[in-house]
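Please read the structure below before turning to the comments.
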Amino acid sequence: MRPEEFDYRLPPELIAQEPIEPRDASRLLVLDRRAEAPGHYRFRDLPRFLRAGDLLVFNDTRVVPARLHARRCDTGGRAEVLLLRPLSPEEGGRQAWEVLGRPARRLRAGMHLACEKGGLEVVVTAVLPEGLRQVELVWDAGESLVRVLEQAGEIPLPPYIHRPLADGERYQTVYAHRPGSAAAPTAGLHFTPGLLEDLRAGGVEMCYLTLHVGLGTFRPIRTETVEEASLHAEYYRVEGRAAAAVNVARRRGSRVVAVGTTVVRTLETAATPAGEVRPGEGWTDLFIYPGYRFRVVDALVTNFHLPRSSLLMLVCALAGTDRVLAAYREAVNQRYRFYSFGDAMLIV
């Protein structure tokens, strides 16, 4: 398969620049694999399409203030660092990270950067492929890095969003709990506390796992063929109660409904060949594209994704490439809002 098979035309004005209020007022395209055409609803209508006993699985990661504005200690020149993933445990006010930096060509090994706020120092320790850098963060050993980043950093927004947010919490899900992501699991941004209560009242069950989102999965695939591509690894954790909830739902024949592609990748990573989800934690670089045989996930709540991205390929693997791209064309014709702050799709 070639990446251009997963391309589509999107007018730039359909890229959502700000979140809609309230969260569940966003539109919802329902792609029923048994129906001939998609249906058009609001996200608050989601309970109409789920049954008692269905299990919704959420990603409870929280976006950290991962964008750091700094100055070079040698020249005073400005630099910017985006934290992607930790490479070592946090210990004694030090931790190794993989980052994106600007201006990249000037960030050489051995360079020291001082953040403009928070007393955080960044030491470049290695130049990595694809414009990445390995750095060591250094801060007051009496503080946790999460607390330091609250002072030193800012919430990173995707590059296609050009307006600053008035409220940074709108780039967090209402159930965000475990700090660690460089980007939000955007399918979850549509849920409100009231909608979650409505779903529970209808007998829908819920559980939570964690995958800390990096930026690699959002990038377009640039290899000549899809099969040649690989993804950057992301940290995940599945606790015992979440694994048990999924396994019980599957044994009784209920649907496992993933809220977002991050949940799909986590569940499929944690599953045995027979489809039993095992608790545990680690790093996943699972790349799901058409031809993949799903072990756990039956249905998916997701946003509309970038052309040629691994996320779009995952959605095509679940619902069929032709059907998904036809739904995207319908969404464009109906003027849906796209990407992180855009509208949603339900695949059942």
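The values are calculated or read from the model by the stated rules, or taken from the named source; none is laboratory data. In this text, all values refer to a predicted model and were calculated from it rather than measured experimentally. Cβ coordinates were reconstructed from backbone atoms using ideal geometry, including for glycine residues, and neighbour counts include every protein chain displayed. Note: accessible area is taken over every heavy atom of the protein model, side chains too, but ligands, DNA and RNA are not part of it. Shrake-Rupley method; radii C 1.70, N 1.55, O 1.52, S 1.80 Å.
Total residues in the stretch 325-348 satisfying the condition of being closer than 19 Å to R219 by Cα and not small (G, A, S): the figure is 5. Entry remark, the stretch 290-313: residues being open to solvent by less than 10 Å² (accessible area, probe 1.4 Å) and closer than 17 Å to R2 by Cβ number 4 in total.
If you go through the stretch 259-268 one residue at a time, do you hit one that is more than 27 Å from R9 (Cβ to Cβ) and not in a helix (DSSP H, G or I)? Within the stretch 259-268 (the criterion being more than 27 Å from R9 (Cβ to Cβ) and not in a helix (DSSP H, G or I)), the answer is yes, since at least one residue qualifies.
Scanning the stretch 1-19 for residues that are more than 30 Å from T192 (Cα to Cα), in a loop (DSSP other than H, G, I, E, B) and not acidic (D, E) gives M1, R2, Y8, R9. Checking each residue of the stretch 148-157 against the condition of being closer than 21 Å to R241 by Cβ and free of Cβ contacts under 8 Å to residues at least 60 places away in the same chain gives no match.
Could you list all residues from the stretch 294-325 that are part of a loop (DSSP other than H, G, I, E, B) and either closer than 24 Å to P159 by Cβ or aromatic (F, W, Y) (or both)? Passing the criteria: F294, F304, H305, L306, P307, R308. Between T284, T261, the distinction of being open to solvent by less than 60 Å² (accessible area, probe 1.4 Å), within 19 Å of V348 (Cβ to Cβ), touching a Ser or Thr at 6+ places or on another chain (Cβ under 8 Å) and in contact (Cβ under 8 Å) with a residue 60 or more places away in the chain belongs to T261 only.
Candidates E143, E169, E130: the one that is without any contact (Cβ under 8 Å) to a residue 12 or more places away in the chain and either open to solvent by less than 20 Å² (accessible area, probe 1.4 Å) or over 18 Å from L82 (Cα atoms) (or both) is E169.
Put simply, of R105, R78, R94 the only residue that is without any contact (Cβ under 8 Å) to a residue 24 or more places away in the chain and touching a strand residue (DSSP E or B) at 6+ places or on another chain (Cβ under 8 Å) is R78.
For (1) crowded, with 21+ Cβ neighbours inside 10 Å; (2) at pLDDT below 95, each residue gets a yes or a no:
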{"site": "Q151", "(1), (2)": "no, yes"}
{"site": "E154", "(1), (2)": "no, yes"}
{"site": "H162", "(1), (2)": "no, yes"}
{"site": "Y175", "(1), (2)": "no, no"}
{"site": "A183", "(1), (2)": "yes, yes"}
{"site": "T192", "(1), (2)": "no, no"}
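Within the option set A16, A66, A79, A37, being over 25 Å from V204 (Cα atoms), surrounded by 14 or more Cβ atoms within 10 Å (Cβ to Cβ) and more than 19 Å from the chain's Cα centre (by Cα) holds for one residue only, A79. Against the test of being surrounded by 15 or more Cβ atoms within 10 Å (Cβ to Cβ) and basic (K, R), the options R48, R44 yield a single qualifying residue, R44.
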